[in-house]
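In what follows, a single structure is set out as structure tokens and then discussed.
The values are calculated or read from the model by the stated rules, or taken from the named source; none is laboratory data. The structure displayed is predicted, hence computed values, not measured ones. Note that we place each Cβ from the backbone using ideal geometry, even for glycine, and neighbour counts take in every protein chain shown.
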Amino acid sequence: MSWRHERVGKRVGCVAIAAAAAVGLGLGVLHDVQFTGSVTTAKFIAVQNRQMSQEQCLYQAIRLKVPKGATVYVTAPRFPPTQRLAELSTLWAVPEANIADAQYRLTLVPPPGRSIVPFPVTRAALDPAKGQCAGLTLKVRRL
């Protein structure tokens, strides 16, 4: 009799595991569908396009204001913009961790009354020659 109870117990356990896996898979698929729906909206794509334009503008501003291969010290009021500006400058210049080793100092300046985190993206005109990039201004100072 106990042998049959063991088989029934194993079957119940297997059914419970299969049910848990099915629920997990269903929730995963639901989340993926919701996420995909949120990142394919016109509004989300427009924001991403503005951010990409802003980053391209910042890269062009770096190229216009800093000689190729120059050492730069990147600074901003908060960490994430500093990291992103360092990444953008790496394609053209050489970021330095110590300001004493740098030839130029790069600083991102938000528009008056705005925070720099998250990057303020506006519909303002892009003018890399003046360092004005859709809500951010790149200030370059020779050290």
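Checking Thr82, Thr107 one by one, the residue that is out of contact with any helix residue (DSSP H, G or I) (no Cβ under 6 Å at 6 or more places or on another chain), buried (at least 16 other Cβ atoms within 10 Å of the Cβ) and within 20 Å of Asp127 (Cβ to Cβ) is Thr107 and no other.
Does Val74 satisfy being in the same structural domain as Gly131 (by TED's automatic domain parsing), modelled with pLDDT of 90 or more and surrounded by 13 or more Cβ atoms within 10 Å (Cβ to Cβ)? Can you show your working first?
Details: in the same structural domain as Gly131 (by TED's automatic domain parsing): yes; modelled with pLDDT of 90 or more: no; surrounded by 13 or more Cβ atoms within 10 Å (Cβ to Cβ): yes.
In short, no.
The lone criterion from (1) surrounded by fewer than 19 Cβ atoms within 10 Å (Cβ to Cβ); (2) under 21 Å from the mean Cα position of the chain (by Cα); (3) more than 17 Å from Ala129 (Cβ to Cβ); (4) at pLDDT 85 or above left unmet by Phe44 is number (4).
Restricting attention to region 84-124, and to residues there that are within 17 Å of Ile62 (Cα to Cα) and small (Gly, Ala, Ser), which single residue is nearest to the chain's Cα centre (by Cα)? The extreme case among them is Ala86. In region 124-138, the residues that are not assigned by TED's automatic domain parsing to the domain that holds Leu64 form no Cβ pair under 7 Å with any partner that is among the β-branched types (Val, Ile, Thr) and not in a strand (DSSP E or B), whether six or more places apart or across chains.
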